Amino acid sequence: MSAEYPMYALSEEHEAIREAVRAVCDAKVAPHATEVDESAEFPQAAFDALAASDFAAPHIGEEYGGAGADALATCIVIEEVARADASASLIPGVNKLGTMPIILVGSDDLKKKYLSPVAAGTGMFSYCLSEPEAGSDAAAMKTRAVREGDTWVLNGVKRWITNAGISDYYTVFAVTDPDSRSAKISAFVVEKSDEGVSFGAPEKKLGIKGSPTREVYFDNVRIPADRMIGAEGTGFATAMRTLDHTRVTIAAQAVGIAQGALDYALGYAKERQQFGKPIADFQGLQFMLADMGMKVEAARQLTYAAAGRSERGDKDLTFFGAAAKCFASDTAMQVTTDAVQVLGGYGYTRDYPVERMMRDAKITQIYEGTNQVQRIVMARQLLAGIQSEL
């Protein structure tokens, strides 16, 4: 029996999205990637190009002026941007991370007020969960929000906040009921312009240097009560639900970084001559390249499978999101390291992009839950019997 449709393949629409975003990235993102890394400056040219093409926050629905991209299309966008510049890929990636709590449980008023400017490219979102003493153990946070009439007053510090100082809006998690064991944390929207909001100095990082990472300080920040996201006490559950979806985008970022490194290594291997022939002719190198390509494609397929589950809200999303993030980021680290090896001494210099890609890849094993945490998440899901039976 033959089918008239492609089985287990991307749709024509998804392929067209890849072509469109790659064209934008080749023209407007990739040419600035080295400069962005060297200067550690936010990639404004990339943001402008992505926003003009509806790729800065493609996941936002059409009812709010967005492109209405599904989870798979959003992953393709992030993957292609990361292939050109990992720092720039955190524009659509963190916009989804910051807005996902509002999309999941926010009021209609919050959605209209905050999703529309992000969709229009006139605002960006960040996600404030981690603290100096609450990283993997996010429930140990100390930032407090106290109710005073029709307002909430926030005090505390958030650390490792991506695009802090650049973003206009922040999803902030804070303790509202310290005596509760299961419902002590709530989520809020805080604006950069709110009195009492300030930022620390940018962290001096190994990679993704064009995406600023800073502390965010809340000093008696008073916000209207209607800026709470979801019901009081549901913040931690919302944070975890958000990560189920956005770990898939980190996987996509990792796939893009790995693909960019593989593409460059392949081109170099065909051009570089040693012993009178291209180094691509040597079997030892061919085996390296084969393993790199195999792992990148395996990571991509797992990521796309997870994206489908994110779009449908399947019960096994938690397992697939953790698995995709863990496998793809481990793959990115391995493939970029091997790409440096393919280039030899040249790969170790900043004159060639694989050195930057190797540094950028490392963070994908760390943020939105270290890969050790991902393995804990996966094991719990397996032991609970929550895994797809394909």
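The values are calculated or read from the model by the stated rules, or taken from the named source; none is laboratory data. Small disclaimer: the values here were computed from a predicted structure and weren't measured. Neighbour counts run over all protein chains shown; Cβ positions are idealised from the backbone, glycine included. Remember, those area values only see protein heavy atoms, side chains included, never the ligands or the DNA or RNA. Shrake-Rupley method; radii C 1.70, N 1.55, O 1.52, S 1.80 Å.
For the reader, a short list of remarks on this structure follows.
- Dividing the summed helix terms, -39500 (n - 2.57) for each DSSP H run of n ≥ 4, by the number of residues in the chain produces a 222 nm estimate of -16500 deg cm²/dmol to the nearest 500.
- Accessible surface of Y264, taken over heavy atoms with a 1.4 Å probe and every protein chain present, rounds to 80 Å².
- Segment V146-A290, extension gain: residue separation times 0.36 nm, minus the distance between their alpha carbons: 46.2 nm
- Net charge of neighbours whose Cβ lies under 14 Å from the Cβ of Y346, counting Lys and Arg as +1 and Asp and Glu as -1: 0
- Extension gain for Q283 to A231 (0.36 nm times residue separation, less C-alpha to C-alpha distance): 12.7 nm.
- Cβ-Cβ FRET estimate between M240 and A120, R0 fixed at 25 Å, reported to 0.05: 0.30
- Treating each Cα of the chain as one equal point scatterer and applying the Debye formula with no solvent, the log10 of I(q)/I(0) at q = 0.11, 0.12, 0.14, 0.15 Å⁻¹ comes out as -0.77, -0.91, -1.21, -1.37.
- The fraction of all Cα pairs in the stretch 228-284 landing in successive 10 Å bins from 0 to the largest distance is 19, 24, 18, 15, 11, 9, 4, 0, given as whole percents.
- Local electrostatic count at L383 - Lys and Arg +1, Asp and Glu -1, tallied over other residues with Cβ under 14 Å: +1
- Largest first, the residues M228, M292 sort by 1.4 Å accessible area into M228, M292.
- Taking the average, over residues, of other Cβ atoms within 10 Å as the packing measure, peptides 242-253, 360-371, 7-18, 135-146 rank 242-253, 360-371, 135-146, 7-18 from highest down.
- The stretch 320-390 - convex hull of the alpha-carbon atoms, volume per residue in Å³: 87 Å³
- 20 °C / 1.002 mPa s Stokes-Einstein diffusion coefficient of the stretch 261-388, Kirkwood radius on C-alpha pairs, µm²/s: 134 µm²/s
- Ordered by solvent-accessible area of protein heavy atoms (1.4 Å probe), largest first, the residues Y114, Y268, Y346 come out as Y346, Y268, Y114.
- For the chain, the longest principal axis of the Cα atoms and the long axis of helix 12-24 meet at an angle of about 90 degrees.
- Whole-number percent relative contact order across the chain, with pairs defined as alpha carbons under 8 Å at least 6 apart: 16 percent
- Solvent accessible area, Å² - V175, 1.4 Å probe, full protein context: 10 Å²
- Angle in degrees between helix 371-383 and the longest Cα principal axis of the chain, rounded to the nearest 10: 80 degrees
- Inter-probe distance in nm under a simple model that places probes 7 Å from Cα toward Cβ, at A139 and Q301: 3.7 nm
- Where K209, K113, K96 fall by accessible area, highest first, once all protein chains stay in place (1.4 Å): K113, K209, K96
- Loop GluC sites (Glu not before Pro), the stretch 38-113 (other Cβ atoms within 10 Å of the site Cβ: 11 or fewer; DSSP): none
- Computed from Cα positions, the angle between helix 71-84 and the longest principal axis of the chain comes to roughly 60 degrees.
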